[in-house]
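Remarks on the structure that follows.
The values are calculated or read from the model by the stated rules, or taken from the named source; none is laboratory data. What you see is a predicted model; the values in this text were computed from it and never measured. For neighbour counting, all protein chains shown are included, and Cβ atoms are generated from backbone atoms with ideal geometry for every residue, glycine included.
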Amino acid sequence: MKLRTGLHHRVTDDRGNAYLYLTDSAAIHAVDALADRLAAAFLEPADPVTVLRELGEPEAEAALRDLIDLGIVRPDGETSPPRAALPPMPFPLATLVLNVTNKCNLSCTYCYEYGADKLTAANAPAGRAMMLPETAKQSIDFLIRSSGERSVLTITFFGGETLLNFQTIIAAVDYAEAEALRHQKRIHFSLTTNATLLTDEVIKFLVAHRFGITISIDGDEKEQDRHRRYKSGKGSFADIEPRIRTLIATNRRERGRPIGARVTLTHDAGSVLDTYRYLTDDLGFEEVGFAPVTAAPGRGYELSPGAYDRMLSEFATLTEDFVTAAIAGRAHGFANLNDLLRELHQGIQKAHPCGAGLGLLGVSTEGELALCHRFVESKSHAVGTVQKGVDESIRTAFLEQAHIDRKTDCKTCFARPLCAGGCYHEAHVRHGDARKANLHACDWIRGHVDQGLKAYARIMAHDPKFFARYESQ
Ligand code: SF4
Ligand code: SF4
């Protein structure tokens, strides 16, 4: 019987020690030189007797047995263990994203809400502009009764520009806190905003209720004002910069949760590194995450293959910074890498790319339920209403069809446990079907996972204790 090394990705640390990331188990194995040579010897199906004879090392047979026990080397042709089937449905909800408004006071050129990639059919009547407090309360009731045994829940406020409907946010928080107490659950709040409406009153409220706050910002004045402008064409930087400084200073004083920046990367974006440094060193953000813009093919701001390559090489520099900081025991705010290291350490094996439709749903201003916040008001992605509940047959059918095992193009990809085909919304915009894999971005995804694995190996070699922070999250 021939043997073959399972689908994996190999990286080395600073000392040349090898690590194998096994796709079927999502485990990272440190392997010694002999095991490393054996794994390489079975990259193509090979006869073990011949391989052992050619290696000529007395310990090789025991080392091969270990590799077989760990599932690293397997009988050729053995089918991969099936990935997790759908969990029992209805899956308990953990997070509800309330799109409290579908209006925005900015007119960012790349916005999927208002730009050419909006999901709502052009002739469909627009939903109510502002969610009523009553709908927010019905949403909270729905979340609590759909959460099963979960004791910690999250309500995320989103838009449009979320803070255009501050009154409903206040009412929702007030109601959620009372209901959480009554049902003996804890509810966390988070919010994404463009920062234009962060008045002192708003800041005080958000910090007092320990909101997790994400600011959509693209960098310094030049970066921000390239795409993030008012309808008049005026840039938004001058308005948001002092408000962000006040928010961060107040939050720090009150020991609030870390405040994050979310940067959208377009083909004409400046240096990722300069943007990171500006947002952390100058403005004071604790975390910065970068997301490639979602765009249908042919949009002016779409990332070209060259722009993806440039982004990856700048991510490599930020990764280097992160590893240096980690080894020195300092925190680093590169959120993409931090999230990836957490998933690698926890051995995450995704059957679906994210929680959308599973533990997370989006709610439109009128209380319609969607896969996530990006799909609200898209009739073809509606899964029920907060008043009547989830249509479980639609939800389950979608999750079955979007399962990684249905994405045949992903079968030979080592990054499958972490990517699982990528964002449904992006797949819908790029490929017209949320259930398809985002094959336009594979090199970038695999490149980023490769960087994460190398960072993992290097930090592990210097300070394994670093990873304790991911064990309780
Ligand atoms: S979309 Fe691409 S990178 Fe993601 S799992 Fe599929 S093949 Fe891999
Ligand atoms: S589908 Fe995309 S936008 Fe929606 S929750 Fe998943 S990753 Fe996020």
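Numbers for the structure displayed
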{"item": "Leading residue by the ranking (farthest from M131 (Cα to Cα)) among those in the stretch 387-413 that are within 11 Å of ligand 1 (Cβ to nearest atom) and either exposed (fewer than 14 other Cβ atoms within 10 Å of the Cβ) or within 18 Å of the chain's Cα centre (by Cα) (or both)", "result": "T412"}
{"item": "Leading residue by the ranking (farthest from the chain's Cα centre (by Cα)) among those in the stretch 187-219 that are over 26 Å from K137 (Cβ atoms) and among the charged types (D, E, K, R)", "result": "D200"}
{"item": "Spans of helices (runs of 4 or more DSSP H) in the stretch 165-268 with at least 2 residues more than 30 Å from S304 (Cα to Cα) and assigned by TED's automatic domain parsing to the domain that holds A296", "result": "166-183, 200-208, 237-253"}
{"item": "Conditions (1) in contact with a Leu (Cβ under 9 Å, 6 or more places away or on another chain); (2) within 16 Å of ligand 2 (Cβ to nearest atom): number failed by F467", "result": "(2)"}
{"item": "Any chance S380 is more than 12 Å from ligand 1 (Cβ to nearest atom), among the hydroxyl-bearing types (S, T, Y), assigned to a helix (DSSP H, G or I) and at pLDDT below 95", "result": "yes"}
{"item": "Some residue of the stretch 383-395 being within 11 Å of ligand 2 (Cβ to nearest atom), on the phi > 0 side of the Ramachandran plot and touching a residue at least 60 places away in the same chain (Cβ under 8 Å)", "result": "no"}
{"item": "Test: residue in the stretch 319-333 that is within 16 Å of ligand 2 (Cβ to nearest atom), at pLDDT below 95 and more than 20 Å from T156 (Cα to Cα)", "result": "no"}
{"item": "Lone unmet requirement of (1) within 13 Å of ligand 1 (Cβ to nearest atom); (2) farther than 17 Å from L337 by Cα; (3) touching a residue at least 12 places away in the same chain (Cβ under 8 Å) for H431", "result": "(3)"}
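To keep it simple, each residue is scored yes or no on (1) surrounded by 18 or more Cβ atoms within 10 Å (Cβ to Cβ); (2) outside any loop (DSSP other than H, G, I, E, B); (3) modelled with pLDDT of 95 or more.
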| position | (1), (2), (3) |
| --- | --- |
| A30 | no, yes, yes |
| A39 | yes, yes, yes |
| R53 | no, yes, yes |
| E57 | no, no, no |
| L67 | yes, yes, yes |
| T79 | no, no, no |
| P88 | no, no, no |
| L93 | yes, no, yes |
| L96 | yes, yes, yes |
